[in-house]
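Inspection log for the structure reproduced underneath, given as structure tokens.
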Amino acid sequence: MPELPEVETVRSGLAKWVTGRRVSRVEVHHPRAVRRHAPGADHFAAGLVGRTITGVRRRGKYLWLPLDGPGEPGDAVLAHLGMSGQLLVQPADAPDEKHLRVRVGFADGGPELRFVDQRTFGGLSLSAGGADLPAEIAHIARDPADPEFDDEEFVTALRRRHTGVKRALLDQTLISGVGNIYADEALWRAKLHWARPTETMTRPAARTLLGYVREVLGEALRAGGTSFDTLYVNVNGESGYFDRSLNAYGRDGEPCRRCGTPIRREPFMNRSSYRCPRCQPRPRHPRT
DNA sequence: CATTTATCCTGTAAGC
DNA sequence: TGCTTACAGGATAAAT
């Protein structure tokens, strides 16, 4: 599931392959892939043809590709991978992927950019004037890899919440880029239960947790991200290998690497949480 | 207003 | 064997 490390891996790969190239052809194979583009698929395609991609930027789990002329300067293609979205760079004569949703061809005749998405939770849109920061994602907080992320502001905002700490980590308006996998991993490192009330966390404890979030995201990025199957891949279709380094996520029944107690999976927000029952005991007054 | 829940989707795997 | 059910989960609209 693409979280910050996976999306950043895709961003850097894309930057190398599509920057400076002029779009010559756009095909939308599934309307759901551009559902966030209100004017529709044809408008999306027409707005993209003839423009040059000037780079690839990211905030949290969102990517955007700023565009240069000939239209209004400052537009961008906004992309979210959802759960199963892939942005692949493929030779133009490569066979279509089963779940190919959008094809972007280039005037130089080189490799195509393809958006492939099995579960169709992801999508592309054309953001007017969104080259610097698309208005559609202005509500998304900076991510902890952003040099302008304000640690003290995060600590204050976290403690102002009245919710469980994992809910807060997953709230992209508070801190972006963290999903279910890395939330569980950071909480394991911090020895915190997911239902720990945010308002009872001390400032030092909140800073420590943030440190672990940064640490695990950084390690995962250096490993090329986490892959459990072929759903998350970089632009060349290759998997990352951070799954071997996971301490909690997906390890139901396996021994905690700190104390040996079996990791437990439990329902959380219509999904799952993994924790060590001994290292991360339930708080006295849990907030779920 | 803040917070929580339901919903979108499809392939895989487990269970009967 | 074949069918049904659970699960994966990010973002957001709707509900509380």
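The values are calculated or read from the model by the stated rules, or taken from the named source; none is laboratory data. Because the structure is predicted, anything quoted here is derived from the model rather than measured. Every residue, glycine as well, gets a Cβ built from its backbone with ideal geometry; the counts of neighbours run over all protein chains shown. Side chains are part of the model used for accessible areas, which takes the heavy atoms of the whole protein and leaves out ligands, DNA and RNA. Shrake-Rupley method; radii C 1.70, N 1.55, O 1.52, S 1.80 Å.
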Residue under evaluation residue A:13, criteria (1) within 20 Å of the chain's Cα centre (by Cα); (2) within 16 Å of DNA strand C (Cβ to nearest atom), criterion not met: (2)
Could you list all residues from the range A:264-287 that are open to solvent by 100 Å² or more (accessible area, probe 1.4 Å) and either more than 13 Å from DNA strand B (Cβ to nearest atom) or under 28 Å from the mean Cα position of the chain (by Cα) (or both)? A:264, A:265, A:267, A:270, A:271, A:278, A:282, A:284
Boolean, residue A:288 is in the same structural domain as residue A:168 (by TED's automatic domain parsing), at negative phi and not basic (Lys, Arg): no
Cβ pairs under 8 Å, 6+ apart or interchain, first in the range A:151-164 and within 16 Å of DNA strand C (Cβ to nearest atom), second basic (Lys, Arg), ordered by first then second residue, are A:162/A:287; A:163/A:287; A:164/A:196; A:164/A:287
Residue in the range A:158-174 that is in a loop (DSSP other than H, G, I, E, B), in contact with a strand residue (DSSP E or B) (Cβ under 9 Å, 6 or more places away or on another chain), open to solvent by less than 10 Å² (accessible area, probe 1.4 Å) and modelled with pLDDT of 95 or more present: no
For the range A:141-157, which residues satisfy the criterion of being farther than 23 Å from residue A:193 by Cα and surrounded by 19 or more Cβ atoms within 10 Å (Cβ to Cβ)? A:141
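Which count do you get for residues in the range A:1-44 that are part of a loop (DSSP other than H, G, I, E, B), within 16 Å of DNA strand B (Cβ to nearest atom) and open to solvent by 20 Å² or more (accessible area, probe 1.4 Å)?
5
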If you go through the range A:235-263, how many residues are of a type in the set (Gly, Ala, Ser), surrounded by fewer than 13 Cβ atoms within 10 Å (Cβ to Cβ) and in contact with a strand residue (DSSP E or B) (Cβ under 8 Å, 6 or more places away or on another chain)? 1
How many residues does the range A:249-273 contain that are more than 13 Å from DNA strand C (Cβ to nearest atom) and under 24 Å from residue A:287 (Cβ atoms)? 2
Applying the selection to the range A:81-99, what residues are out of contact with any Asp or Glu (no Cβ under 9 Å at 6 or more places or on another chain) and farther than 18 Å from residue A:56 by Cβ? A:93, A:95, A:96, A:97, A:98
Given the structure, is residue A:60 buried (at least 20 other Cβ atoms within 10 Å of the Cβ), modelled with pLDDT under 95, under 20 Å from the mean Cα position of the chain (by Cα) and within 16 Å of DNA strand C (Cβ to nearest atom)? no
Go through (1) under 30 Å from residue A:117 (Cα atoms); (2) without any contact (Cβ under 8 Å) to a residue 60 or more places away in the chain; (3) within 16 Å of DNA strand B (Cβ to nearest atom) for residue A:244 and report which single condition fails. (3)
Against the conditions (1) of a type in the set (Val, Ile, Thr); (2) out of contact with any His (no Cβ under 9 Å at 6 or more places or on another chain); (3) within 16 Å of DNA strand C (Cβ to nearest atom), where does residue A:120 fall short? Just the number, please. (2)
